[in-house]
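Some notes on the structure that comes next.
Derivation of every value follows stated rules applied to the coordinates shown; laboratory data play no part. What you see is a predicted model, and the numbers here were worked out from it, not measured in a lab. Here the Cβ positions follow ideal geometry from the backbone for every residue, glycine too, while neighbour counts run over all protein chains shown.
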Amino acid sequence: MRLIYTRTSPFARKVLVCAHELGLADALELEEDHPLQAGSRVPLHNPLGKVPALETDDVQLGTLIDSPLICEYLHTLVEGSTLFPSPDSPERWRVGYLHALGDGVMDAAVLLRLQNQRALVHRSEQWTNRWHAAIDRSVATFEMHVATLGAPEGPCTIADVSAACALGYLDFRHPDYVWRAAAPALAAWFEGWSQRDAFVQTAPPPD
Ligand SMILES: N[C@@H](CCC(=O)N[C@@H](CS)C(=O)NCC(=O)O)C(=O)O
């Protein structure tokens with residue numbers, strides 16, 4: 001399998017964390033490509049022009065796009081994986097909700113980062129406020145649900161992976177954004193998750 005990815009993408013990190021958790025990291029060939037750089041080959045793999053994309057070994061299946069789908073695919077390759085609760089489990093919706101929330105924080109934080117790279121005159125205060133508010137509310141929601149996240153040293157679900165990658169990306173790209181004071185239990189949980197091997201192994205490179 002070949003993962004087309006960017007080392008700084010939180011969505012790609014989600015896939016890499018899942019691969020590590022599942023013992024599949026060595027089965028992944030990595031192809032680094034930046035979708036926003038001229039000459040990027042990402043659109044050849046994903047019509048949306050986004051990373052991550054996973055070229056599977058299954059010729060019928062071809063390439064998968066979108067991190068939730070890719071992570072779920074990896075989960076199906078490993079018997080006994082706990083990443084995605086079974087479809088008939090009540091946990092499925094709780095985990096799915098928190099997974100979507102973490103991904104949404106990443107979406108807002110990535111858009112905020114792109115906007116911060118534009119000249120001041122091209123920035124929109126209205127959108128900046130909207131993305132900040134979405135992140136604030138989502139962090140508060142994670143804080144409310146923190147007891148339902150997995151213990152940092154135990155088996156994990158995709159909700160834990162998404163929450164950790166979202167918080168890791170906030171710290172990486174928005175270091176001035178102060179979220180820990182408003183979410184102390186989440187901060188303690190993230191402190192534990194930050195030591196997890198799969199998370200340490202997939203840290204983005206320093207700028
Ligand atoms: N929903 C997608 C989001 C992927 C995404 O937004 N990736 C960013 C990098 S962090 C990207 O490739 N952006 C390029 C673009 O929007 O053209 C997923 O979960 O994989």
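Below are the figures for this structure:
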| item | result |
| --- | --- |
| Pairwise centroid distance, computed over Cα atoms, of the range 124-198 with the range 4-66, Å | 23 |
| In the range 67-173, the GluC sites (Glu not before Pro) that fall in loop regions by DSSP, at most 10 other Cβ within 10 Å | GLU79, GLU153 |
| Net charge dipole size for the chain [Lys, Arg +1 and Asp, Glu -1 on Cβ; Debye, nearest 20] | 800 |
| Rounded to the nearest 20 debye, dipole of the range 91-196 from Cβ charges on Lys, Arg, Asp, Glu | 300 |
| DSSP loop trypsin sites (Lys or Arg not before Pro) with at most 15 other Cβ within 10 Å excluded, longest remaining stretch of the chain | 42-117 |
| Lys/Arg +1, Asp/Glu -1 at C-beta; the chain dipole; positive extreme among PRO47, TYR73, THR148 | PRO47 |
| Test item: Cα-centred dipole of the range 8-79, Lys/Arg +1 and Asp/Glu -1 on Cβ, debye | 380 |
| Dipole axis of the chain (+1 Lys, Arg; -1 Asp, Glu on Cβ), positive-most option in ALA134, TRP179, LEU120 | LEU120 |
| Local electrostatic count at PHE190 - Lys and Arg +1, Asp and Glu -1, tallied over other residues with Cβ under 12 Å | -2 |
| Within the chain, helix-based [θ] at 222 nm, where runs of 4 or more DSSP H residues each add -39,500 (n - 2.57), nearest 500 | -16000 deg cm²/dmol |
| Surrounding net charge for HIS99, when Lys and Arg each add one and Asp and Glu each subtract one, Cβ distance under 15 Å | -3 |
| Förster radius 35 Å - calculated FRET efficiency between SER194 and GLN60, Cβ distance, rounded to 0.05 | 0.35 |
| Semi-axis lengths (Å, descending) of the ellipsoid that matches the C-alpha gyration tensor of the chain | 25, 24, 15 |
